[in-house]
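Colleague: The structure follows.
The values are calculated or read from the model by the stated rules, or taken from the named source; none is laboratory data. Keep in mind that what you see is a predicted model, and the values were worked out from it rather than measured. Glycine gets a Cβ as well: all are built from the backbone with ideal geometry, and neighbour counts include every protein chain shown. In case anyone asks, the SASA skips ligands and DNA or RNA and just uses the protein heavy atoms, side chains included. Shrake-Rupley method; radii C 1.70, N 1.55, O 1.52, S 1.80 Å.
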Amino acid sequence: MSSQPEHGPVRTAHADVLLASAGERGVLREFYGEQAADDLMLQADGAVEAREMAARIRPGSGPVLELAAGTGRLTFPFLELGFEVTALELSPALVDTLGKQVADAPADLRDRCTVVQGDMSAFALDRRFGSAIISYGSISLLDDADRPGLYASVRAHLEPGGKFLICMINTGRPESPERRQELAGRSGRRYVLHLMRYPAEQVQEITIYPADTTSDPFVVCTSRLKLLEAEQVVRELEQAGFDVLAPTPFSSAGEGGRQDALLLEASLRGDRP
Ligand code: SAM
């Protein structure tokens, strides 16, 4: 599973600067599971990503298994597209938040959604799926040692002809190593997202904190992930017995759409319909 919760919050260089100036008001927290994570993830729109993935799923191929579902950024667009979805998430707090969102949804959507707490690198559900999906960047939360467990678990849960779709960070895209952006959460609260890439170490650090620097407590949330290259995941999937199509950008990327993502499409070897 993701190593982060076991190791506690990461001290990013940016968090150190913020905490030093916040003094006793400053608190350092791991991002996922924090209120700020819920607030921001609930507000983020997954419709484009869900449509890009859904376009690669054969109609009538069965239910979708969504891994690392968070608060449902992709879950709800998939439900709205008519799929049945099982959403698996590691964090009990996020499972709770997603469960509440689903319970509040119209019956037509609610009745096609199951939320389960689980580790995407080692899970056993009592059913098979037409497809398994992982949202943008989420596979990077797994260590090298844990991804084989993900591939084996997905293999064991795909129907014949099923697809495994992974949305990855496009690490080959020229990008400034440091980025700062202000974002609003579902509550209307505003946050600053500071992103720092260390290309030599293939690491990305994220620091998120209230835009209002006088907040008390001043909660600084951090996360660090390994920047996985799509080619590496392709190799690993092939070793795990999948056939993989070449990673492709979103179809809308050329028309000014999102360019920071790559989609990987895999199916069990010898299993293409
Ligand atoms: N899919 C959601 C979205 O697109 O907004 C959430 C994405 S967020 C980048 C990554 C999610 O993966 C978090 O909700 C985190 O709790 C979850 N996660 C981390 N490690 C996991 C694991 N081993 N198994 C399942 N979920 C995990």
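Colleague: Let me confirm something: among PRO199, PRO174, PRO148, which residue is more than 22 Å from ARG73 (Cβ to Cβ) and touching a residue at least 60 places away in the same chain (Cβ under 8 Å)? It would help to see each step written out before you state the result.
Modeller: Numbers: PRO199 fails: touching a residue at least 60 places away in the same chain (Cβ under 8 Å); PRO174 fails: touching a residue at least 60 places away in the same chain (Cβ under 8 Å).
Exactly one residue qualifies, and that residue is PRO148.
Colleague: Go through (1) outside any helix (DSSP H, G or I); (2) open to solvent by 20 Å² or more (accessible area, probe 1.4 Å) one by one and return the number of the condition ASP16 breaks.
Modeller: Of the numbered conditions (1) outside any helix (DSSP H, G or I); (2) open to solvent by 20 Å² or more (accessible area, probe 1.4 Å), the odd one out for ASP16 is (1).
Colleague: Would you mention how many residues in the stretch 221-268 are touching a Phe, Trp or Tyr at 6+ places or on another chain (Cβ under 9 Å) and over 17 Å from ASN170 (Cβ atoms)?
Modeller: Number of matching residues: 12.
Colleague: Looking at THR75, THR114, THR71, THR86 in this structure, which one is over 26 Å from LEU193 (Cβ atoms) and crowded, with 20+ Cβ neighbours inside 10 Å?
Modeller: Details: THR75 fails: over 26 Å from LEU193 (Cβ atoms); THR114 fails: crowded, with 20+ Cβ neighbours inside 10 Å; THR71 fails: over 26 Å from LEU193 (Cβ atoms).
Exactly one residue qualifies, and that residue is THR86.
Colleague: Moving to a separate point now. Yes or no: the stretch 152-170 includes at least one residue that is open to solvent by 40 Å² or more (accessible area, probe 1.4 Å), out of contact with any Leu (no Cβ under 8 Å at 6 or more places or on another chain) and free of Cβ contacts under 8 Å to residues at least 24 places away in the same chain.
Modeller: Of the stretch 152-170, the ones open to solvent by 40 Å² or more (accessible area, probe 1.4 Å) are 152, 155-156, 159-160.
Keeping just the survivors that are out of contact with any Leu (no Cβ under 8 Å at 6 or more places or on another chain) gives 152, 156, 159.
Restricting the remaining residues to those that are free of Cβ contacts under 8 Å to residues at least 24 places away in the same chain gives none.
No.
Colleague: Being closer than 27 Å to ASP260 by Cα and of a type outside the set (S, T, N, Q) narrows it down to one residue among ASP108, ASP119; which is it? Even if it seems obvious, please write down each step before you answer.
Modeller: Values: ASP108 fails: closer than 27 Å to ASP260 by Cα.
Of the residues listed, the single one that is closer than 27 Å to ASP260 by Cα and of a type outside the set (S, T, N, Q) is ASP119.
Colleague: All but one of (1) touching a helix residue (DSSP H, G or I) at 6+ places or on another chain (Cβ under 8 Å); (2) assigned to a helix (DSSP H, G or I); (3) open to solvent by 10 Å² or more (accessible area, probe 1.4 Å); (4) within 11 Å of the ligand (Cβ to nearest atom) hold for ALA37, so report the exception by its number.
Modeller: Unmet for ALA37, out of (1) touching a helix residue (DSSP H, G or I) at 6+ places or on another chain (Cβ under 8 Å); (2) assigned to a helix (DSSP H, G or I); (3) open to solvent by 10 Å² or more (accessible area, probe 1.4 Å); (4) within 11 Å of the ligand (Cβ to nearest atom): (3).
Colleague: Can you say whether LEU193 is in a strand (DSSP E or B), farther than 26 Å from ASP119 by Cα and open to solvent by less than 50 Å² (accessible area, probe 1.4 Å), as far as the supplied structure shows?
Modeller: Working: in a strand (DSSP E or B): yes; farther than 26 Å from ASP119 by Cα: yes; open to solvent by less than 50 Å² (accessible area, probe 1.4 Å): yes.
Yes: the conditions hold for LEU193.
Colleague: If you don't mind, another one. Which residue, of GLU49, GLU66, is within 13 Å of TYR136 (Cβ to Cβ), part of a strand (DSSP E or B) and within 12 Å of the ligand (Cβ to nearest atom)? First the steps, then the outcome.
Modeller: On the way: GLU49 fails: part of a strand (DSSP E or B).
Of the residues listed, the single one that is within 13 Å of TYR136 (Cβ to Cβ), part of a strand (DSSP E or B) and within 12 Å of the ligand (Cβ to nearest atom) is GLU66.
Colleague: Taking the stretch 52-63 as the search range and keeping residues that are of a type outside the set (Asp, Glu) and not in a loop (DSSP other than H, G, I, E, B), which one is farthest from the ligand (Cβ to nearest atom)? Walk me through it before giving the result.
Modeller: The first filter runs over the stretch 52-63 and keeps only residues of a type outside the set (Asp, Glu), leaving 53-63.
Now drop any that are not not in a loop (DSSP other than H, G, I, E, B), which leaves 53-54.
Details: MET53: 11, ALA54: 15 Å.
The selected residue is ALA54.
Colleague: Right, here's the next one. Restricting the search to the stretch 216-248, which residues are surrounded by 15 or more Cβ atoms within 10 Å (Cβ to Cβ), more than 30 Å from GLY270 (Cβ to Cβ), out of contact with any His (no Cβ under 9 Å at 6 or more places or on another chain) and modelled with pLDDT of 95 or more?
Modeller: PHE218, VAL219, CYS221
Colleague: Next up: Take the conditions open to solvent by less than 50 Å² (accessible area, probe 1.4 Å) and farther than 18 Å from GLU80 by Cα and apply them to GLY99. Does it pass?
Modeller: Details: open to solvent by less than 50 Å² (accessible area, probe 1.4 Å): yes; farther than 18 Å from GLU80 by Cα: no.
No, not satisfied.
Colleague: I'd like to know if the stretch 197-205 contains one or more residues that are open to solvent by less than 20 Å² (accessible area, probe 1.4 Å), over 30 Å from GLY161 (Cβ atoms) and part of a strand (DSSP E or B).
Modeller: Filtering the stretch 197-205 for residues open to solvent by less than 20 Å² (accessible area, probe 1.4 Å) gives 204-205.
The next check asks that each one be over 30 Å from GLY161 (Cβ atoms); those that pass are 204-205.
Now restrict to residues that are part of a strand (DSSP E or B): 204-205.
Checked the stretch 197-205: at least one residue is open to solvent by less than 20 Å² (accessible area, probe 1.4 Å), over 30 Å from GLY161 (Cβ atoms) and part of a strand (DSSP E or B).
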